[in-house]
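This report concerns only the one structure given below.
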Amino acid sequence: MAEFTMPSLGADMDEGTLQEWLVHAGDPVRKGDPVAVVETAKSTIEVECFEAGRIGQLLVTPGTTVPVGTPLARIEPLAEADTPTEPEAPAKPARPPRPPAAEGARSTARKPSRRKPTPLQAPTATGPPPDHDHAVEHRGHGDEGPLVRHLAEEAGIDLDTVHGTGRGGRVTRADVGRAAAAARSPARVTPYARRLARELGVDLRGLTGTGPDGTVRASDVRAAAPGPTTPPTPQSGGGVPARASAVRRKEGMREAIAGLMSRANREIPHYYLSTSIDMATALDWMHEHNHHRPVGERLLPAALLLKAAARAAREVPELNGHWLDGRFAAAEEVRLGVAVSLRGGGLVAPVLRNADALELPQLMSQLKDLVARARNGRLRGSEVADPTLTVTNLGDQGVEAVLGVIYPPQVALVGFGRVVERPWAVNGLLGVRPVVTASLSADHRATDGAVGARYLTSVDRLLQSPEEL
Amino acid sequence: MKHDEAEDIVKEALTDVVPEADLTTLGPDETFRDALGMDSLDFLSFIEILTRRTGVRIDDEDAPHLTTLADSTGFLLARTE
């Protein structure tokens with residue numbers, strides 16, 4: 001039987017709070033149907049089902065925070081919905097830092113595959129664990145790299161007691177981080193409770209949680225807070241789950257960005273390249289295209305830039321993928337992350353899937369939809385998961401160039417600035433042309449400057465033939 | 001179309017695109033793209049809404065005439081005369 005597990009909705013996500021079920025036990029679901037709403041430190045996301053079937057038992061109640069990979073619900077095959085469920089496979093013995101629920105997730109044979117959406121009703125994919133998309137190899141403890149051993153030693157953690165989520169159960173840096181955090185604080189704290197604790201000045205270490213598995217919830221934090229308390233908010237049951245205020249969300253997002261970007265600067269030896277690209281041909285073509293179309297179908301320069309960035313990623317696959325466990329894993333498709341700044345501050349980077357293969361009008365409409373929902377509505381899990389290369393377009397903010405920080409575990413970040421008019425020499429003649437500065441921040445562990453240069457050259461070449469984009 | 005009517009359409013379109021915008025503090029000659037933090041997608045939505053509400057055709061090259069409350073209102077008035 002399949003299980004629907006807490007997905008990893010970004011490299012910076014270790015756990016999430018199930019905010020709301022969108023289905024009931026017994027409901028038939030198709031692959032891709034939204035089934036639950038999950039709150040992370042950064043955003044609230046609708047999570048889709050990765051199997052077709054019938055929702056079985058709901059294992060987690062709204063308001064509960066669980067680690068990535070924890071089963072949230074069982075999914076029964078449609079045809080066999082009435083047959084009794086098989087007995088649970090015996091769970092592996094639990095090790096201290098990882099709650100038993102997570103062990104259950106690892107004991108199941110089937111895992112949702114987030115990377116390769118297959119058509120409806122397709123046979124269930126035997127996918128990788130949610131936060132590691134590479135093939136499983138058999139490796140045991142003892143294979144941990146020197147950095148992981150060093151980190152564990154520093155934190156005073158015995159690697160043998162840490163549950164590894166890497167290949168073949170290998171302990172990764174993230175596992176050590178989790179174990180260290182678990183040693184310092186109560187077993188689990190909901191993101192909301194954590195924010196509240198910070199606001200109210202409550203030390204989480206002294207708290208006993210009253211939630212499932214000793215999870216510290218907002219009510220525990222309030223009870224421990226000195227002075228006047230805010231009225232309690234509903235956390236579970238049939239009511240509307242607590243909604244974090246904009247201020248708290250902003251703080252959570254700042255914290256998440258801080259964590260991920262610090263990690264990027266700590267771990268990734270960046271190198272930076274930039275080039276100026278003549279946009280005259282591309283913009284002339286775009287204005288001509290737009291002239292014949294209703295406003296709703298018009299293109300923006302951003303669409304052309306994103307398409308060129310995605311096509312170039314296909315041409316230079318060394319930059320399209322992830323750095324995992326000390327080596328580069330190329331991605332099979334181009335999942336282009338698009339950095340979207342939010343009006344209240346912060347940013348999210350939803351994904352244009354197969355961006356290299358999308359026709360420009362399609363890409364444009366998906367971009368509009370993603371940005372609108374990133375700002376005003378709710379993104380879906382598949383729309384934030386696993387970008388293979390991210391583009392940040394700061395042209396609208398008025399700057400000419402951006403040298404960005406890579407989102408780990410990606411290995412490159414593409415930046416576009418504002419399209420500006422500049423004197424430009426063509427065939428010995430000086431003219432005024434619209435010019436954009438394209439930049440690349442790349443991971444020197446994965447590639448060298450020559451590869452990065454090839455990428456930016458491709459972007460330039462592609463933009464000179466906009467009709468073929 | 002009367003001046004006030006055109007200005008209301010412009011304001012409503014801006015509010016639709018940037019719901020949290022406070023237009024009471026936006027001066028008639030203030031560049032709203034900067035003041036409201038609108039990007040090119042927001043601006044395209046703004047144009048889309050104006051077109052839908054007024055039937056006025058707005059092309060890429062008209063964008064320079066749609067930067068403030070005053071010039072956008074003037075643009076709509078001129079095109080609906």
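The values are calculated or read from the model by the stated rules, or taken from the named source; none is laboratory data. Quick caveat, the model's predicted, so the values are computed rather than measured. Note: ideal-geometry Cβ built from the backbone for every residue, glycine included; neighbour counts use all protein chains shown. SASA here: full protein model, heavy atoms, side chains in, ligands and nucleic acids out. Shrake-Rupley method; radii C 1.70, N 1.55, O 1.52, S 1.80 Å.
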State all residues of the stretch B:26-38 that are within 14 Å of chain A (Cβ to nearest Cβ) and either part of a loop (DSSP other than H, G, I, E, B) or farther than 21 Å from residue A:342 by Cβ (or both); if no residue qualifies, say none. B:31, B:36, B:37, B:38
Residue among A:297, A:318 that is within 22 Å of residue A:459 (Cα to Cα) and open to solvent by 30 Å² or more (accessible area, probe 1.4 Å): A:318
Applying the selection to the stretch A:243-282, what residues are within 14 Å of chain B (Cβ to nearest Cβ) and either under 30 Å from residue A:449 (Cα atoms) or in contact with a helix residue (DSSP H, G or I) (Cβ under 6 Å, 6 or more places away or on another chain) (or both)? A:279, A:282
Residue check for residue A:400: open to solvent by less than 50 Å² (accessible area, probe 1.4 Å), more than 14 Å from chain B (Cβ to nearest Cβ) and of a type outside the set (S, T, N, Q): no
Pick from the stretch A:427-447 the residues that are open to solvent by 30 Å² or more (accessible area, probe 1.4 Å) and without any contact (Cβ under 8 Å) to a residue 60 or more places away in the chain: which of them is farthest from residue A:289 (Cα to Cα)? A:428
The helices (runs of 4 or more DSSP H) lying wholly within the stretch A:219-324 that contain at least 3 residues that are of a type in the set (A, V, I, L, M) and modelled with pLDDT under 95 are A:246-267
Is it the case that some residue within the stretch A:283-303 is farther than 16 Å from residue A:353 by Cβ and either under 20 Å from the mean Cα position of the chain (by Cα) or away from chain B (no Cβ under 14 Å) (or both)? no
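So that you can scan it fast, the table gives a plain yes or no per residue for (1) of a type outside the set (A, V, I, L, M, F, W, C); (2) within 14 Å of another protein chain (Cβ to nearest Cβ):
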{"residue": "A:370", "(1), (2)": "no, yes"}
{"residue": "A:378", "(1), (2)": "yes, no"}
{"residue": "A:381", "(1), (2)": "yes, no"}
{"residue": "A:389", "(1), (2)": "no, no"}
{"residue": "A:392", "(1), (2)": "yes, yes"}
{"residue": "A:395", "(1), (2)": "yes, yes"}
{"residue": "A:404", "(1), (2)": "yes, no"}
{"residue": "A:408", "(1), (2)": "yes, no"}
State yes or no: is residue A:329 in the same structural domain as residue A:377 (by TED's automatic domain parsing) and either part of a loop (DSSP other than H, G, I, E, B) or touching a Leu at 6+ places or on another chain (Cβ under 7 Å) (or both)? no
Could you list all residues from the stretch B:1-25 that are of a type in the set (A, V, I, L, M, F, W, C) and part of a helix (DSSP H, G or I)? B:6, B:9, B:10, B:13, B:14, B:17, B:23
Here the residues within the stretch A:403-426 that are open to solvent by 60 Å² or more (accessible area, probe 1.4 Å) and of a type in the set (Gly, Ala, Ser) are A:425
Looking at (1) more than 14 Å from chain B (Cβ to nearest Cβ); (2) in contact with a helix residue (DSSP H, G or I) (Cβ under 7 Å, 6 or more places away or on another chain); (3) not in a loop (DSSP other than H, G, I, E, B), which is the one condition that is false for residue A:352? (1)
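Rundown of residues vs (1) facing chain A (nearest Cβ under 8 Å); (2) open to solvent by less than 70 Å² (accessible area, probe 1.4 Å); (3) of a type outside the set (Asp, Glu); (4) without any contact (Cβ under 8 Å) to a residue 24 or more places away in the chain, yes/no style:
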| position | (1), (2), (3), (4) |
| --- | --- |
| B:1 | no, no, yes, no |
| B:6 | no, yes, yes, no |
| B:12 | no, no, no, no |
| B:24 | no, no, yes, yes |
| B:40 | yes, yes, yes, yes |
| B:49 | no, yes, yes, no |
Looking only at the stretch B:51-81, which residues are of a type in the set (Ser, Thr, Tyr) and either touching a residue at least 40 places away in the same chain (Cβ under 8 Å) or within 22 Å of residue A:397 (Cα to Cα) (or both)? B:54, B:67, B:68, B:72, B:73, B:80
Looking only at the stretch B:51-81, filter to residues that are open to solvent by 20 Å² or more (accessible area, probe 1.4 Å), out of contact with any helix residue (DSSP H, G or I) (no Cβ under 6 Å at 6 or more places or on another chain) and among the acidic types (Asp, Glu); which one of those is modelled with the lowest pLDDT? B:81
Inside the stretch A:418-469, can you point out the residues that are out of contact with any Asp or Glu (no Cβ under 7 Å at 6 or more places or on another chain), hydroxyl-bearing (Ser, Thr, Tyr) and part of a helix (DSSP H, G or I)? A:455, A:457
